[in-house]
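Structure record follows, encoded as structure tokens.
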Amino acid sequence: MALNLRQKQTSCIIRMLNLNHQPNPGGATTGAGSATEEVYKILVLDRFCRDILSPLIHVKDLRKHGITLYFVIDKERQTVPDVPAIYFVQPTTVNIGRIVADTARGLYESFHLNFSSSLPRPLLEELAAGVLKADAVGRISKVYDQYLEFVTLEENLFSLAQRDIYVQLNDPSAGDREIEGILEKIAGGLFCVLVTLGVVPVIRCASGGPAQMVAAALDTRLREHLVTKNNLFSESGTLVSSFQRPILCLFDRNFELAVGLQHDWSYRSLVHDVFDMKLNRVSVQGDKSPVKSYELDDSDPFWVSNCWSPFEKIALEIDAQLNKYKQDVEEVNRRTGGQKGAEFDGTDLIGNTKHLMNAVNSLPELTERKKLIDKHTNLATVLLGEIKNRALDSFCSLESEMSSKGSVDKNQLISQLKDKGTKEDKLRLAITYLLSVETTPQSELESIEAALRESDVDTCAFQYVKKIKSLNLSMNSSAASASKSNIVDWAEKLYGQSLSAVTAGMKNLLSGARQLALTRIVEALMEGKPNPEVDSYLLYDPRAPKSGTGAQLKGPFKEGIVFMIGGGNYIEYRSLMELAHRSQPTKHIMYGTTEILNGVDFVRQLQVLGQKMGLGSSSINPSQ
């Protein structure tokens, strides 16, 4: 597929680690006009760029590319003479200051500077002035703009790693310039993604709100870049493998608010929710065992095969894998004369020498399989304990019922709010109910709030969502026609847009087909045919002339990028992947977001907004 972001970003990073030369298969660096030789280097990162590398390249892989040491830029470092240093950092004033200080001290033989996005002219001038003053110009080998300011978690999943965007965009005290700066930063992150992919997409978004503003900013940035002769998209040309450009669909979190809060029963979503998975890593604390860290990515075949399975199937699959492992061990032992039932540790390899070599060759593979089984057994055991302690099955069941029916047994709801579960679990359930029912009697709201207070739950988030829901209803009834171009009332119009699609989408949310409103809209946009649900969506084509209609929508699209402003989640990711696989012919869809959030992360952002609006309790309580 043309849109393999993980592969392309990894290739860019490997090239950077080889001093921006194409690496040879042996790991040596090929310099211009020089013989191939292995160059040992030091890597200096800031924390953001360390997170970019983390899901893509392990420490042992750094060695393959001649990286002998790596450091974080804000830590004190010793001089390492006669060794080149590769810097990979964000273009910030602080980082420029540290680079200038490092060159002045002569920490390394030469400095290869790589910035995660375009280095602005003022910072470039600051860098030049600093190294000139320090008489260290000769130590700067090259300066590169890498356009890699995003984190690729999987082949079809990426994040801009921009935190608390939902709070920043919905903050009632945020000024025009502040909001514009946030949206420009999001557009800049998406520009980096498109440069890495080498594609200029057709952009679609709803009218009004942050999605339109990001679309307009990205369209402007792409247009300004495309007019230059040797631009970053020149090599890829106008054609991709499918002979068609992809579509970029932009949404903001308020489009389908409840999905960000819901509990989900899939293995991946539970791991993310319970263990707060970050950068494909989790830390697990057992009852009597020390904290263990695990990586969950495409190098783990069990995770790849079972991450979307419902939790009850995980135990069965682990058991099946364990039985298969034991059978294979017994088969090896039988062939080599070992004892039946003995753990395969290589000590019983005696007897039949005909099978000895096969047994030795199978040892690493069997050992790795056992490690994976032990890892997922540990994860599932701790998960099961959390499910029981927090009654997560009950929360999933109730929220699924609300979503499919638009109603729920009120006594059951109140009982759950007073029973097991963390404070965030209860808040998420209450808000999901508020969003899934079109009209809620005041008496019911009061009883829900009373149940939350009885459990000592801060109701800021609940009050905030209640407020924007009432704003939405009142604006719909009054049909006020305010100027849509005025950014001052942007927040209010956002509330007006925020929940209009929520109740429509909730009917299908978490039903058997898992057809979210987001997925339904993406499917219609990729189809490219007249559809009343998406006819009002705006169209931006950076390659079309600015004046006139210019942009012609040519569907259906085979490749799409879906981007959620304000925080995405694994429920939406799964739904979009299912859409891609069930389409005929199969489509290729990527999902990106400003940050990956679980329900706890998102409800805390809603709490902060509730506090900023002076709603509910005065402080955020801890979970337990």
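Near the amide H of ILE589, under 5 Å away, which other amide H atoms are found, from residues 5 or more places off or on another chain, if H is placed in the peptide plane?
Excluding prolines and chain starts, which carry no amide H, the hits are GLY560.
Near the amide H of TYR70, under 5 Å away, which other amide H atoms are found, from residues 5 or more places off or on another chain, if H is placed in the peptide plane?
Those lying under 5 Å, H to H, from TYR70 are LEU43.
Could you pull out every residue, at least 5 positions away or on a different chain, whose amide H is within less than 5 Å of the one on SER117? Hs are placed 1.01 Å off N in the peptide plane, and Pro or chain starts have none.
GLN146, TYR147, LEU148
May I ask you to give the solvent-accessible area per residue for the range 91-202, in square angstrom, as obtained with a 1.4 angstrom probe?
On a per-residue basis, the range 91-202 sits at 40 Å².
Would the range 49-187 count as rounded, prolate or oblate if I go by the C-alpha gyration tensor, calling it rounded below 1.5 in a/c and otherwise prolate when a/b exceeds b/c, oblate otherwise?
Numbers: a/c = 2.53, a/b = 1.39, b/c = 1.82.
It comes out oblate by the Cα gyration axes.
How far apart, in nm, are two points set 7 Å out from the Cα along the Cα-to-Cβ line at GLU38 and at GLU295?
About 2.1 nm separates the two model spin labels.
Where the accessible area of the range 140-286 is counted over protein heavy atoms with a 1.4 Å probe, how much of it, in %, is carbon and sulfur?
Values: 2480 of 5080 Å².
Accessible surface attributable to carbon and sulfur in the range 140-286 totals 49 percent.
What does the highest-first list of 176-187, 7-18 look like by mean Cβ count within 10 Å? Numbers along the way, then the final one.
Working: 176-187: 16.9, 7-18: 18.8.
In decreasing order of mean packing, 176-187, 7-18 become 7-18, 176-187.
Which pairs in the list LYS60/LYS587; LYS60/LYS278; LYS288/LYS423; LYS405/LYS469 are over 24 Å apart, alpha-carbon to alpha-carbon? Walk me through the numbers before you get to the answer.
Details: LYS60/LYS587 35 Å; LYS60/LYS278 20 Å; LYS288/LYS423 26 Å; LYS405/LYS469 20 Å.
Table pairs above 24 Å Cα-Cα are LYS60/LYS587; LYS288/LYS423.
If you take the square roots of the eigenvalues of the alpha-carbon gyration tensor of the range 163-277 and sort them as a ≥ b ≥ c, do you get rounded (a/c under 1.5), prolate (a/b over b/c) or oblate?
Details: a/c = 2.34, a/b = 1.41, b/c = 1.67.
Since a/c reaches 1.5 but b/c is at least a/b, the shape of the range 163-277 is classed as oblate.
Hey, what do the phi angles of the range 166-177 turn into as Karplus ³J(HN,Hα) couplings, whole Hz, using 6.51/-1.76/1.60 and θ = phi - 60°, x for Gly and Pro?
Computed from phi, the couplings for the range 166-177 are 4, 5, 4, 6, 9, 5, x, 8, 5, x, 4, 5 Hz.
³J(HN,Hα) across the range 80-92 via Karplus (A = 6.51, B = -1.76, C = 1.60, θ = phi - 60°), whole Hz, x for Gly/Pro?
These are the phi-based 3J(HN,Hα) values: 10, x, 6, 10, x, 10, 9, 9, 10, 9, 6, x, 10 Hz.
Using only Cα atoms, locate the centre of the range 244-271 and the centre of the range 137-168, then give the distance between them in Å, rounded to an integer.
22
Which of rounded, prolate, oblate describes the range 127-178, given a ≥ b ≥ c as roots of the alpha-carbon gyration tensor eigenvalues and a/c under 1.5 marking rounded, otherwise prolate only if a/b is larger than b/c? Please report the intermediate quantities before stating the final value.
On the way: a/c = 5.15, a/b = 1.63, b/c = 3.16.
Note, shape of the range 127-178 comes out oblate.
From the phi of every residue in the range 294-309, what ³J(HN,Hα) in whole Hz does the Karplus formula 6.51 cos²θ - 1.76 cosθ + 1.60 yield, where θ is phi - 60° and glycine or proline is x?
Calculated HN-Hα couplings, in order: 10, 9, 10, 8, 6, 7, 10, x, 5, 5, 4, 7, 10, 5, 9, 6 Hz.
Among 129-141, 286-298, 162-174, how do they line up from the highest to the lowest mean number of other beta-carbon atoms within 10 Å? Write down the numbers at each step before the final one.
Numbers: 129-141: 14.2, 286-298: 11.9, 162-174: 18.8.
Ranked from most to least packed, the peptides come out as 162-174, 129-141, 286-298.
The values are calculated or read from the model by the stated rules, or taken from the named source; none is laboratory data. Note that the structure is predicted; figures quoted are calculated from it, not measured. Here Cβ is always computed from backbone atoms with ideal geometry, including for glycine, and neighbour counts include all displayed protein chains. We work out accessible area using only protein heavy atoms, side chains counted, and drop any ligands, DNA or RNA first. Shrake-Rupley method; radii C 1.70, N 1.55, O 1.52, S 1.80 Å.
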